[in-house]
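Peer 1: One structure coming up, written as structure tokens, with questions to follow.
Each reported figure results from applying straightforward, stated rules to the coordinates on display, with no laboratory input. The structure presented is a predicted model; accordingly, all values stated were derived computationally and were not measured. Cβ: placed from backbone, ideal geometry, glycine included. Neighbour counts: every protein chain shown.
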Amino acid sequence: MEGEGWLAVAVLLLVTLFVLAGWLWGAPLLLLPVGVLAVVAVMLWPRYSLYSLYALAPLSVPFSTMWPGLPSDFWCPTEPMAAMLLVLLTLRLLQQRGLWAHELLAEPVFWAITLFMAWLGISALASTMPVVSVKYVLVRLWFVVTFFYLSYLELRHQPQRVVHMLWPYLLSLAVVAVYTMWQQGAMGLFDRYAAQHSCTPFFPDHTSYGAALAFALPMSMGLARAGRSGFMRMVACLLAALFAVALVLSFTRAAWLSLVLAGGVWLLCIVRMPIRRVLLMGAVAALLLVLAWPHLLQLLRSTEAESSGGLANHVRSMTNITTDDSNVERINRWSCAWRMFLDRPMLGFGPGTYQFTYAPYQRARYITMASTGLGINGGAHSEYLGLLAEGGAFVALSFIALIIISLLKAMVLSVLMPVGPSRALMLSMLVGFAAYAAHSALNSFLDIDKLAAPFWLSVALFVAMHRHEG
């Protein structure tokens, strides 16, 4: 690393230490040097600031933990740094034509992202809560610009540079995993209730933590295959083992299920199945699911196991949609989102407003101990249905198009690329991305830096590799 690179790392390390000190001792004044150092780092070393954002994402904490009582909250220091990078990129785009990635105009993924963000902005203008929606759209915007566009600029000529972003993210997440298991061990390592909030303040709860681990596990396995030295491969193997144990102990059923489904995508890529055959199999599977749905619904309703403190019973409870409060509450949120969409199908209620507006749409038969008449406890428990309710049909369809195009692009690459470290790394990113795509049906976390970072990095890598290999 160059001399200025080490200096940038030192400055950004100080940013992290000040933030952690502010959290531990509740001293908001410690954030003053954070702001100064972050501005210096972003202005002088935007590339290393981008790399550092991947390291800081798993370690960021809510600003409210240091300064309670604020009307709004954000992840510190990543969100302010991402916002500064957005401003800096805008200014430099006006000065340096080389930063314009014109080749993206030929990429369907880019247009799906553009349509998604544009319609999200339009729905914010018609929002039932404009202030909430504008902040939500801004957060999404600087995550897309930072983790997709700036990452793509780094990768478009040298896709192998993705390791400079993966390693910082995975090592930082490993720190959080160790911390979480240590916290959990004090209350019961194999207890579901102990797992729910052991990951705070780095993650809101165990569901987002489990989603990040499901993303990170295949990526670390890819680094174990693509590492340049035996030492790096050994470290990656240790990370993979750590993430696997942490994922099991997270008691996140959606993350477990998503990895199983993503494993099917991995098998299709390993045998290099042609895309046309994959699409045909997908259509047949969807048709069979529709035909068998009444019987599956009856089977699900007959399951009596409920999610409890034990690991085995927690697994069996996945199919209980009758008496398990967690599953019934998820159905409650989904049905509310669907009814909200039917009321405002084109523009929705406004980005980020679901938790404030869904309460009147609840039905008595789905009310659980987790339900609230105040409508302030969580989101739609689905990225897709949440976007339908908040942004309308065009927002949801553009996001689904983004997911499908990205998956197909990566699967085409898996067929075309020769066996080797680059293909192994790309496959690992594909499996993590597919896991999150499946997980998105059950939860929504793309407004959190910990999940936005690997998600948009994966999309950027697929596009960069496609252009590099094509």
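Peer 1: Specify whether the C-alpha gyration tensor of segment 202-281 places it in the rounded, prolate or oblate class, a ≥ b ≥ c being the square roots of the eigenvalues: rounded for a/c under 1.5, otherwise prolate if a/b is larger than b/c and oblate if not.
Peer 2: Verdict is oblate for segment 202-281.
Peer 1: How would ILE113, ILE448, ILE404, ILE270 line up from fewest to most surrounding beta-carbon atoms within 10 angstrom?
Peer 2: Fewest-to-most Cβ neighbours within 10 Å comes out as ILE270, ILE404, ILE448, ILE113.
Peer 1: In which sequence would HIS102, HIS206, HIS197, HIS439 go, from the one with the fewest C-beta neighbours within 10 Å to the one with the most?
Peer 2: The fewest-first ordering by Cβ neighbours comes to HIS102, HIS197, HIS206, HIS439.
Peer 1: Could you work out how much longer the chain between LEU125 and TRP338 gets when fully extended? Use 0.36 nm per residue separation minus the Cα distance between them, nm to one decimal.
Peer 2: Fully extending the segment from LEU125 to TRP338 adds 74.5 nm.
Peer 1: What net charge is computed for the residues neighbouring GLN362, neighbours being all others with C-beta under 12 Å from the C-beta of GLN362, Lys and Arg scored +1, Asp and Glu -1?
Peer 2: Taking every other residue near GLN362 into account, the sum is +3.
Peer 1: Under a plain spin-label model, where a point goes 7 Å from the Cα along Cα-to-Cβ, how far apart in nm are VAL260 and SER64?
Peer 2: In this crude label model, VAL260 to SER64 measures out at 3.4 nm.
Peer 1: Each label point is 7 Å from the Cα along the Cα-to-Cβ direction; what then is the distance between the points at HIS102 and LEU287, in nm?
Peer 2: So the label points at HIS102 and LEU287 sit 4.6 nm apart.
Peer 1: Let me ask something else. Please compute one quarter of the surface area of the Cα convex hull for segment 177-224 and express it in square nanometres.
Peer 2: Averaging across all directions leaves 3.5 nm² for the Cα convex hull.
Peer 1: So, counting K/R as plus one and D/E as minus one, what does the shell of residues with Cβ under 15 Å around ILE122 add up to?
Peer 2: With Lys, Arg at +1 and Asp, Glu at -1, the net is +1.
Peer 1: Right, here's the next one. Using a cut-off of 11 Å between beta-carbons, work out the net charge of the residues near SER422 (Lys and Arg +1, Asp and Glu -1, SER422 not included).
Peer 2: +1
Peer 1: Measuring from a point 7 Å past the Cα of THR90 along Cα-to-C-beta, which residues in segment 109-132 have an amide N at less than 20 Å?
Peer 2: What the label zone holds, given the 20 Å backbone N cut-off, is 113-126, 130-132.
Peer 1: While we're looking at this one, here's another question. Taking the beta-carbon count within 10 Å as an exposure proxy, list TRP334, TRP182 from fewest neighbours to most.
Peer 2: Result, fewest neighbours first: TRP182, TRP334.
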